[in-house]
Amino acid sequence: GDKLHEVLMNFVDNAIKYTPAGSVTVSVAAKPAGMVTVAVKDTGMGIAKENLGALFQKFSRVKGSFLVQPGGSGLGLYVAKKIVDVHEGKIWAESAGEGKGTTFAFSLPIAGPKARPEAKPKLPTPLPGSTAPAANQPATR
């Protein structure tokens, strides 16, 4: 929960930083089927198509981003991708090019990540001396 909030806030923070004038829109949709998609769309600087593929790599910075945010580390989107990957989701960016805004989005399975064997809940063990029935025995009164 908190980590996904970090992803959303990274998207919103970047959209605000790289949109000197215009708008930032956040949307949530239950699509595609079985997924929920969160998108942050801005009307800002945009990103050249050849730079879209590198956005989620470690220490990646788009040309010109140093002029707007000189202190950025290039780790925010990399970390966002790692968080979304752990939740078995997808993350991406779209832009029609420089000066044409950007949309950052991620999709997650609605049911959440697949249960891992070690994450299965264990049946409670009866306390010593209790009269609780065994897991495969019907309860009697």
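The values are calculated or read from the model by the stated rules, or taken from the named source; none is laboratory data. All values reported here derive from a predicted model rather than from experimental measurement. As a convention, Cβ positions derive from the backbone with ideal geometry for all residues, glycine included, and neighbour counts pool all protein chains shown. Surface areas here come from the heavy atoms of the whole protein model, side chains and all, with no ligands, DNA or RNA. Shrake-Rupley method; radii C 1.70, N 1.55, O 1.52, S 1.80 Å.
Kindly indicate the residue of the stretch 1-38 that is open to solvent by 40 Å² or more (accessible area, probe 1.4 Å), within 20 Å of Ala111 (Cβ to Cβ) and not in a helix (DSSP H, G or I) and also modelled with the lowest pLDDT among those meeting that condition.
Gly1
So which of Ala54, Ala134 is among the aliphatic types (A, V, I, L, M) and either more than 22 Å from the chain's Cα centre (by Cα) or modelled with pLDDT of 95 or more (or both)?
Of Ala54, Ala134, the one residue that is among the aliphatic types (A, V, I, L, M) and either more than 22 Å from the chain's Cα centre (by Cα) or modelled with pLDDT of 95 or more (or both) is Ala134.
Count, please, the residues in the stretch 22-63 that happen to be within 19 Å of Val79 (Cβ to Cβ) and either touching a residue at least 12 places away in the same chain (Cβ under 8 Å) or touching a Leu at 6+ places or on another chain (Cβ under 6 Å) (or both).
Residues in the stretch 22-63 being within 19 Å of Val79 (Cβ to Cβ) and either touching a residue at least 12 places away in the same chain (Cβ under 8 Å) or touching a Leu at 6+ places or on another chain (Cβ under 6 Å) (or both): 14 in total.
Out of the residues in the stretch 81-104 that are assigned to a loop (DSSP other than H, G, I, E, B) and open to solvent by less than 30 Å² (accessible area, probe 1.4 Å), state the one that is farthest from Met9 (Cα to Cα).
This residue is Gly97.
Here is a check on your reading of the model: is Thr43 at pLDDT 95 or above, surrounded by 11 or more Cβ atoms within 10 Å (Cβ to Cβ), in contact with an Asp or Glu (Cβ under 7 Å, 6 or more places away or on another chain) and under 15 Å from Ala15 (Cα atoms)?
So Thr43 does not fit the description; no.
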